[in-house]
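Reading through the structure tokens given below for one structure.
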Amino acid sequence: MKVAIISDIHANVIALKAVLKDIEEQQVDSVYCTGDLVGYAPFPNEVIDLIKEKNIPTVMGNYDDGIGYQRFICGCDYKDAEAEALGHESITWTKRHTFEENKEFLRNLPKEIRVNIAGKRLLLVHGSPNRLNEYVTEEISEDYASELIALAGTDILICGHTHLPFTMVLKDKLLINVGSVGKPKHGDPQAIYALISFARDVTVDFRKVPYDYEATATAIEVSELPNEFAQIIRTGKY
């Protein structure tokens, strides 16, 4: 049994198409998404339409919440005032360019998905079981990670939001952050997703997928979105 988990597509439909092609080649049994379909790149409707077309179960990300409910902020943490100003430009642009039926789709996404696979209980969230926008990074303490998993009543906790993939093994439990398809921050521009295999043991493979990131960067630059987002796409760094 193999399951693919994607996250943080952020309106980068070119990356999403490349990842879905790679997933198809892996002959997976199911695909899930841990949210943030929109924001930062100029293809919010194309991404949502493709998720709908492929019927991929998706949890609500903080950006999905922000656009779906027409909020003034997206619930992100910003490193400085300049980053915050750029973030506000992104959410303003995305609200203006996302179709109303797609905003409704975002509003109706669930906050969590629970599934049982090969005797394991999986919980999919965007940030954490506590908050939609909590950043769960590999610096998390084992005590707090174990607390999150215990309180959530799951064997495998799967999240996104940070755009930084990692796995933490906690005895017979797993914490997995699947990284980002559309706005990588792991140090190179390739899209990334998690391929989880269920056999005697549960194994996690973070698959990096090359795609035409220059096309996405150029599309950002010809839109009214800040050009700074194109540089993140080209470098995979924030």
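We did not get these values from a lab; they are worked out from the coordinates using the rules stated. This is a predicted model, so every value here is computed, not measured. So basically every Cβ, Gly included, is an ideal-geometry build from the backbone, and we count neighbours across all protein chains shown.
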For LYS103, LYS171, what's the fewest-to-most ordering of other Cβ within 10 Å of each Cβ? LYS171, LYS103
Let me know the whole percent of all Cα-Cα pairs from the stretch 142-222 that are separated by more than 15 Å. 61 percent
Alpha-carbon radius of gyration plus Dmax, which is the widest Cα pair, for the stretch 13-150 in Å: 16.1, 47
How many percent of all Cα-Cα pairs in the stretch 1-43 sit more than 12 Å apart? 59 percent
Can you pull out the trypsin sites (Lys or Arg not before Pro) in the stretch 116-160 whose DSSP state is coil and whose Cβ has at most 15 other Cβ atoms within 10 Å? ARG131
Can you work out the base-10 log of I(q)/I(0) for the stretch 119-185 at q = 0.13, 0.15, 0.23, 0.25 1/Å, using the Debye formula on its C-alpha atoms alone? -0.30, -0.40, -0.94, -1.11
Among LYS17/LYS183; LYS21/LYS95; LYS183/LYS208; LYS54/LYS103; LYS21/LYS52, the pairs whose Cα-Cα distance exceeds 21 Å are LYS21/LYS95
Neighbour-count order for LEU151, LEU225, LEU170, fewest beta carbons within 10 angstrom listed first: LEU151, LEU170, LEU225
Cross-link reach list, lysines versus LYS173, counting only Cα pairs under 20 Å and skipping chain neighbours closer than eight places: LYS2, LYS120
Convex hull around the C-alpha positions of the stretch 73-226: the volume in Å³ per residue is 141 Å³
Cβ charges +1 (Lys, Arg) and -1 (Asp, Glu), total dipole of the chain, debye: 540 debye
For the chain, built as a Gaussian network whose Cα springs stay under 10 Å, the top-fluctuating residue of GLY160, GLY68, GLY187: GLY187
Based on DSSP, what percent of beta bridges with both residues in the chain are antiparallel, to the nearest 5? 65 percent
Aspartates and glutamates within cross-link reach of LYS111: Cα-Cα under 16 Å, excluding same-chain residues under 8 positions apart? ASP8, ASP36, ASP64, ASP65, GLU134
Add -39500 (n - 2.57) for each DSSP H run of 4 or more in the chain, then divide by its residues: what number comes out at 222 nm, to the nearest 500 deg cm²/dmol? -10500 deg cm²/dmol
Counting DSSP beta bridges in the stretch 128-237, what percent are antiparallel, to the nearest 5? 75 percent
Any idea what diffusion coefficient the stretch 96-137 gets from Stokes-Einstein, in µm²/s, Kirkwood Rh on alpha carbon pairs, 25 °C, 0.890 mPa s? 197 µm²/s
Considering only THR58, THR203, THR94, give the residue with the highest GNM mean-square fluctuation for the chain, with springs between Cα atoms whenever their separation is below 10 Å. THR203
